[in-house]
Structure formats: structure tokens, C-alpha cells
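Take a look at the structure below.
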Amino acid sequence: MTVSMNDFTTLADWLAHCERLHPTAIEMGLERVRAVAQRMQIRFDCPVITVAGTNGKGSTCAMLESILGQAGYRTGLFTSPHLVHFEERLRLLGQSVDATTLAAGFAAVERARALNGEVISLSYFEFSMLAILDVMMRSGLDVVILEVGLGGRLDSTNIIDTDCAIITSIDLDHMELLGDNRESIGFEKAGIMRTGRPVVVSDPVPPQSVLDRALEVGADLWRVGHDFNVSGDPQQWSWAGRGRRYSGLAYPALRGANQLVNAAGVLAALTALRERLPVTAQAVRNGLAFVELPGRFQIVPGQPMLVLDVAHNPHSVAALTANLDAMGYFPTTHAVFGAMADKDLAPMFAKIAPLVDRWYFTDLPTGRAASASSLLQQWQAQNSRKGVLAMTFSDPVLALQAAVAGADPADRIVVFGSFYTVGGVLAKGLPRLNAKHLDS
């Protein structure tokens, strides 16, 4: 399918075009996207850092961007999916790109994929990623940070040779595409490694397939507990590895115990790249202190308190549960939850259900989502607690409104699951909650 370039003038036009273009939302493989990238002559003269993993990718990318920005570098960050606006997927110098600039990138992709009448089909992700790479290439950047969308070996981001790979925690997710065990999934993630280039593995217990792949391709392996280590007390933490040490660091501004693991991997990557991207200890301190990332154990003060988290697989829900447990006592915990249909819900419910007293299951605006009624049925099938209430809603905003209506000021409301769930309640800005009981 080809189109007149005059048909589309806005980013919304181009995104609608991409959704119509390809028969499947996800198609693994690099041949088509690489062919179009070659036509577009996409390449980077600056260092590229590629981040793969099941959980912790977004936090890792945000910390890299923050520290490198504090060091004075012109940063470009590609991340996905977005919470509210598509423009969030590309951040230039710490700010979301404007829609007009992105639209020009989409036009460049359309010209290239239909060059000389030889039309190449692209999926939504492939098309939009190429548009973002085109904008990055023209932005005079000092460093490019790429978050892998799915897997690694066959993910579209892997057409770019990385100067430093980071592999965060690996667990079971997207099993229909990546395999049903950590070894298979680890093999896919390890596909971003390059010969002679550093690869930072911040998973404390990585699959053997990751270590084997590093050896096979001759990558420079940086492994937590072997090549770098962290230590700390409740007030501060320290990092040491390969001739570099950071002491007396404040904990990252991103909340959650798991963020120290991510921060350790970030410092390893920056140490591995120190000859090309030197950073000062002060840049590290400021970068960790000022980093922000919506939807990752994001606590919004109010009455009741609101917690936003895109935890959407067993591993990330376990981390969310631990973080919620560490918050202290709340009379009642209300949970707004929506998820994709392919998620392994049973272990997710098993982990977090003991903390939740009221469930508000929600539909999501995508055909890939499980219905609220289906989520309710699957929760009911394993619920053993008496007195726990559950309801269904047609969208996350209505679910949150119901939770607020049913909450006391001292309660907390947790919105978690898909990016669509958290993004749904953020669509009109950050909610500040006031339970009605305060006015009575």
C-alpha cells in the first residue's frame, strides 16, 4: 500500500496510516526494517547504548539520560510504549519531541519504503521506530539510548550496532514470541551483544544463555557481583568496578528496592564508556537525584494516596508487591487493574492479592487486552480471601473514580497493569485525590 505524501500532514495522520499498513502488530525479523533503514542511510556517529530486559529497561534508560544530561551531553532516548502521548517515545535533551518534527520523520520513512516503486511493508513499531531514528540522526546528538521493544535479537532496534549493551532483569513475559523459559528468553535478549563491545548484565542471576552468548561473540562482559558490586546502608550506597568507585551516593529518585540494581548497571555502562563519554561524580549524583519516570512505582500524595505502576508480568508485580508492603499500614488498599490477554495472571494475582481489599477491573482500548469481566473471572477462580470486593468498569478513569468514591482518606489506591491502564488515568494530567469523606 502506497499513499500520496499529501494525504498526511499531522502525526495523528501518520500513526493512523501505520496502523492500517501491516497485517500484524508484531512481526519478528530484521530484513524489512533493515532494508528501509539502508535506503534512509540511518547511522550514528556518536555512541549508542542499547537496553534490553524483561523489567527495568525504562528506569535504566531514564537514569542514563539523566546522568548524561547532567554531564552536558546532548541526549536522544527512544523508548516504548508511551503512557499518554506518542511523542513520549522520543526524548531529545530530556524533553519529548514535538509532533511536527516527528511527522517529518514519518514522511522520510514513507519515501524510503516506496522508493522506485519497490514497496516494503512495515509494522507500526518498525515504521515509527525508523521515523524516530531519522529524527535522532538529524539532531546533532552526543549519545543515543535505545530501549528494546521486545526481545532483542529480532527487535527492530537491533539494526543499529550498539557501543554498549545493557541487559536488565530477565523473567517470563511475551512467552509466545520469546520462549517459555528464562534460558530461551535470555538468548533473545543477548542478541543485542556485539563483538568486542561492553555488555552489562545487571540481573544478579542471569540465564546461562546470556553468559554463553557473551563468550561466543567475544563481548566484553560486565557482570554484577563479578565485574562490579554495590553496597549500602539505609542512608546511602556505593558502587565499585574495574578501577572506578562511587561512594556515599544518595539512592535514585525513582522509588523501589529494584532501582538500585538498575542504577548499578547504569554506572557499569558509563564506566565502560568513560573514554568516549566521561562523566563526573557530581553528574552521577545529580542525575540519580533528579531522574523522573512516570508510572514506575510513582507515588502521588493525596487522600487517599495514589500509586501508579506499569507492572504487567509476574516479576514486576512481585517487585510492586514488595514495594507496597514496605510503605507501611493502610486501612484499605484499592486496586485498579487492566492487562493484556496474553499475560500470566495467576502468579500475578497470587503475589499481590493478599494486599488488595477492593478490586476495580477495567477494559482497555485495545483488542489485545483482556476484558474486565475476564480478569474478574480469573481472579475469582483463585481468590480465597473472604470479604474482598471486586467490580468491572469500561475504562480506567471510571474505575479510578469508583475507587476514590469507595475510599477513606487514609486508604491507598494502586493503579497497575498495562501501560494503557496507567496511561488511561494520566490522560488528563496527574490525578490529585480527595476522598469525599474529607468534606463531610
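Placing unit charges on the Cβ atoms of the charged side chains and taking the dipole of region 208-289 about its Cα centre, the candidate lying farthest along the positive direction among V224, A240, A253 is A253.
Among the GluC sites (Glu not before Pro) within region 67-132, those in coil by DSSP and having at most 12 neighbouring Cβ atoms inside 10 Å are E118. From largest to smallest, the equivalent ellipsoid semi-axes obtained for region 1-148 from the alpha-carbon gyration tensor read 26, 16, 15 Å.
Which residues among region 298-320 fall inside the zone where the amide N is under 16 Å from a point 7 Å beyond the Cα of D171, along Cα→Cβ? Hits in region 298-320 for D171 at 16 Å: 298, 309-320. Amide H contacts under 5 Å for M340: A370, S418, restricted to partners 5 or more places along the chain or on a different chain, H placed in the peptide plane at 1.01 Å from N. A DSSP coil position with no more than 14 other Cβ atoms inside 10 Å describes the following trypsin sites (Lys or Arg not before Pro) in region 147-245: R242. Annotation for region 328-376 versus region 135-168: alpha-carbon center distance of 32 Å. By other beta-carbon atoms within 10 Å, ranking Y246, Y420 with the fewest at the front produces Y246, Y420. The ranking of H312, H17, H226 by Cβ neighbour count inside 10 Å, starting from the fewest, reads H226, H17, H312. Among the trypsin sites (Lys or Arg not before Pro) within region 379-440, those in coil by DSSP and having at most 14 neighbouring Cβ atoms inside 10 Å are R385, K386, K428, R432. As a rough footprinting exposure proxy, the listed residues V36, V205 were ranked by other beta carbons within 10 Å of their own, and the order from fewest upward is V205, V36. Over the chain, with a single point scatterer placed on each C-alpha, what log10 of the ratio I(q)/I(0) does the Debye formula yield at q = 0.08, 0.12, 0.14 1/Å? Values, matching the q order: -0.46, -1.05, -1.38. With 0.36 nm allotted per residue and the present C-alpha distance subtracted, the A410-D161 stretch has 84.6 nm of extension available. Starting from the Kirkwood Rh over alpha-carbon pairs, what translational D in µm² s⁻¹ does region 293-428 have by Stokes-Einstein at 20 °C and 1.002 mPa s? Here the translational diffusion coefficient equals 148 µm²/s. Placing unit charges on the Cβ atoms only, positive for Lys and Arg and negative for Asp and Glu, gives the chain a dipole magnitude near 720 debye about its Cα centre.
For region 246-334, dividing the convex hull volume of the Cα atoms by the residue count gives 121 Å³ per residue. Of all lysines in the structure, the ones whose alpha carbon falls short of 30 Å from that of K351, not counting any fewer than 8 places away in one chain, are K57, K189, K343, K386. A Förster radius of 56 Å, combined with the Cβ-Cβ distance separating A99 from S384, puts the computed FRET efficiency at roughly 0.70.
Bear in mind these aren't lab numbers, they're just calculated from the coordinates by the rules spelled out. Keep in mind the model is a prediction, meaning the values are calculated, not measured. With ideal geometry, Cβ positions are generated from the backbone for all residues, glycine too; neighbour counts draw on all protein chains shown.
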